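*Asks:* Below is one structure. I have some questions about it.
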Amino acid sequence: MTQLHGMSVPQFDAVRAGLQKNLDSGEELGASLVVDIDGDRVVDLWGGFQDSARKVAWGEHTITNVWSATKAVTSLAALMLVDRGVLDLDAPVAEYWPEFAANGKQDVLVRHLLSHTSGVAGLDQPAVIEDLYDTRQASARMAMQAPWWTPGTASGYHLLSYGHLIGELVHRITGRSLREFVAEEIVAPLGADFQIGAAERDWSRIADVVPPPPLPFDLAGAGGADSPALKAWTGPVIAPDMANTAAWRSAEIGAANGHGNARSVARILSVLARGGEVDGVRLLGQKTIDLIFDVQMEGADLVIGLPLRWGIGYALAKKETVSWIPDGRICFWGGAGGSVIIMDLDRRMTISYMMNKMAPDILGSERSAAYVAAVYDNLAG
């Protein structure tokens with residue numbers, strides 16, 4: 001039996017049993033899972049291994065690349081600026097970033113960036129992953145591009161561009177990089193073990209990402225060479241094991257290279273479920289949190305093909321997209337391979353699951369679904 005550490009209250013025994021089963025079967029390599037209800041961690045579990053050789057145990061302070069769960073933290077940074085009155089959702093992006101007006105983007109609004117409807121879902125070709133490592137230069141390239149569809153008319157998941165776009169707004173307004181802002185304004189006040197990128201001193205406790213089988217996503221059938229899907233998935237192409245390199249860990253990719261674990265991601269994002277304040281640290285007012293649920297776009301996403309409902313910065317619960325998240329005042333997102341972060345405002349509950357063995361899924365996985373379903377079943381019971 002693979003050792004599972006941490007705690008869970010008896011009400012959530014089925015959640016613990018599900019994680020133990022997957023660790024024992026090898027479905028999980030290493031993972032962490034947290035359920036926070038109004039500041040009370042009723043589930044706080046971790047176990048398995050950091051490496052495929054199963055020689056290094058996944059410990060309490062193991063962190064891993066959380067892929068697009070990073071976007072949830074990046075969105076929080078933007079909302080904090082909205083809350084402070086220095087970022088207006090209805091202002092043109094070019095008001096803060098004049099160069100962004102190039103090539104027909106003068107009417108793109110801040111809310112379009114935060115709802116993946118701006119049309120700037122990646123880099124124009126030619127593009128390689130190394131282009132994203134120069135944050136300011138990559139942002140400048142995005143500013144000069146023409147949108148890939150009429151902004152505000154559809155969503156097209158900003159796969160790798162999201163952090164650069166939002167990060168440039170943070171930089172223009174505060175004079176700090178997104179990485180610095182998150183570290184100083186979110187991580188430090190909350191005491192959360194999370195970073196965009198990863199400091200070299202922490203590399204020894206990073207659980208390497210284990211790539212999945214091929215994603216069940218047919219780029220060839222996604223609309224042809226000029227489709228937003230093909231452009232986004234190839235602008236640039238990313239191989240999952242890139243996350244294990246020094247170059248990736250040293251970069252600032254606010255869409256995809258956050259490093260943390262279930263506890264730290266839950267600590268940060270529980271601010272949404274808990275009315276904007278965590279243990280005396282207030283990051284948002286309730287009116288700003290309410291803005292998240294202002295539906296910006298609903299329908300088939302041009303990049304990932306799923307029927308999504310986008311609010312401001314987060315996806316909103318929609319049974320047709322993710323059947324294992326119930327209806328209600330719930331916002332969420334996740335990372336490639338299955339990680340998820342769910343903020344349930346009705347129940348003041350945050351569910352966080354971060355792991356290193358990726359499943360072949362775009363949003364959530366069979367494992368994610370089982371854990372989350374067990375949480376809600378146990379809650380009801």
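Readers should treat all values here as calculations from the given coordinates under stated rules, not as data from a laboratory. As the structure is a prediction and not an experimental result, all values here were calculated from the model. As a convention, Cβ positions derive from the backbone with ideal geometry for all residues, glycine included, and neighbour counts pool all protein chains shown.
*Asks:* Taking θ = phi - 60°, what integer Hz values does the Karplus form 6.51 cos²θ - 1.76 cosθ + 1.60 yield along region 38-51, in sequence order, with x for Gly and Pro?
*Replies:* The phi angles translate into 6, x, 9, 7, 8, 9, 8, 10, 7, x, x, 9, 7, 10 Hz.
*Asks:* By per-residue mean of other Cβ atoms within 10 Å, what is the highest-first order of 366-376, 53-63?
*Replies:* The packing order, highest mean first, is 366-376, 53-63.
*Asks:* Using packing as a proxy for protection, rank 204-211, 116-123 so that the peptide with the highest average count of other Cβ atoms within 10 Å comes first.
*Replies:* 116-123, 204-211
*Asks:* Would you tally the net charge around K287, using a Cβ to Cβ cut-off of less than 12 Å, leaving K287 out, and scoring K and R as +1, D and E as -1?
*Replies:* -3
*Asks:* At what distance in angstrom do the alpha carbon centres of region 166-181 and region 253-313 lie from each other?
*Replies:* About 18 Å separates the Cα centre of region 166-181 from the one of region 253-313.
*Asks:* Can you give the net charge of the other residues whose Cβ lies under 14 Å from the Cβ of G328, counting K and R as +1 and D and E as -1?
*Replies:* Result for the neighbourhood of G328: +3.
*Asks:* Do the sum for the chain: with -39,500 (n - 2.57) for every DSSP H run of n ≥ 4, divided by all residues, what is the mean residue ellipticity at 222 nm, to the nearest 500 deg cm²/dmol?
*Replies:* -7500 deg cm²/dmol
*Asks:* Can you give the Rg to Rh ratio for region 255-381, taking only C-alpha atoms and Rh from Kirkwood?
*Replies:* Here the Rg-to-Rh quotient is 0.94.
*Asks:* Taking the mean number of other Cβ atoms within 10 Å as a proxy for protection, how do you rank 312-320, 244-252 from highest to lowest?
*Replies:* 312-320, 244-252
*Asks:* Can you compute log10 of I(q)/I(0) for the chain with the Debye formula, treating each Cα as one identical point scatterer, at q = 0.06 Å⁻¹?
*Replies:* Here log10 of I(q) over I(0) equals -0.20.
*Asks:* Going by how many other beta carbons lie within 10 Å of each one, how would you line up W148, W324, fewest first?
*Replies:* The most exposed by this proxy come first: W324, W148.
*Asks:* Now a separate question. Most exposed first by the Cβ proxy, i.e. fewest other Cβ within 10 Å, how do R263, R309 rank?
*Replies:* Ordered by Cβ neighbours within 10 Å, fewest first: R309, R263.
*Asks:* In a shell of Cβ-Cβ distance under 12 Å around E60, excluding E60 itself, what net charge do Lys and Arg (+1) and Asp and Glu (-1) give?
*Replies:* 0
*Asks:* Would you mind checking which residues have amide H under 5 Å from W333's amide H? H placed 1.01 Å from N; only 5 or more apart, or other chain.
*Replies:* Those lying under 5 Å, H to H, from W333 are I341.
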